[in-house]
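Throughout, read-outs are computed from the coordinates displayed, never taken from laboratory work. It should be emphasised that the depicted structure is a prediction, and the values quoted were computed from it without experimental measurement. Counting neighbours? That spans all protein chains shown, and the Cβs are built from the backbone with ideal geometry, glycine included.
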Amino acid sequence: MMKDITKGLANNPGMICKHKRTGQRTLQLLSIMLVILLSQLISGCSTHSGQSTNMVTAADGRLVDMGNGVCQDTKTGKMWQIGSSKTIKSLADAESYAANLAEGGYHDWRLPMVTELYDLYMIFDLHENGNCNLQAEGTYWSGEADLEDRVGTWELDDNCDPERQYIPKKKGQVRAIRP
């Protein structure tokens, strides 16, 4: 039987190429599936980003709890308020809250940009929060001057992709940042 198959393939070289291409496609599909699976595992899709993780120590994390109600990002130097405001319904009230905040001995707090909120979510998604236990998940006001909807949240895709999308809301909390 093997001789017949070998003889048939020798007489039809196109068949060999067809099998090689099919094998290559299968290998490519398996590689893509493996990359997707690994990215979901790495993204921490099975846990919410607001949850604390014991896998990362303060020395390994990007955020360090300063012990005064503030966590500092060791990469950017920016500081995040650990607590957050109660729910606020207007931009003016959110801006007033940040402007009057005196957390950790600092008085130059502001509303974060949407991209800064995204970075905060990603720090927690990647489990780089170190010993900082602030609750990252939530709906927060932003300081984007050019956005009509200045309050919203970064939500994970329904398919548990490692991507987040910004969803505008009508009210939210202030998670202040400085400088």
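For the peptides 102-108, 79-85, the ranking by packing is 79-85, 102-108, with the highest mean count of neighbouring Cβ atoms within 10 Å listed first. Legend: translational diffusion of segment 96-138 by Stokes-Einstein, Rh = Kirkwood radius over C-alpha pairs, 20 °C, 1.002 mPa s; D = 181 µm²/s.
What does the charge count around HIS107 come to, taking other residues whose C-beta lies under 15 Å from its C-beta (Lys +1, Arg +1, Asp -1, Glu -1)?
Net charge around HIS107: -1.
Classified by the C-alpha gyration tensor, segment 66-121 has an oblate form. Its axis ratio a/c, with a ≥ b ≥ c, is 1.5 or above, and a/b does not exceed b/c.
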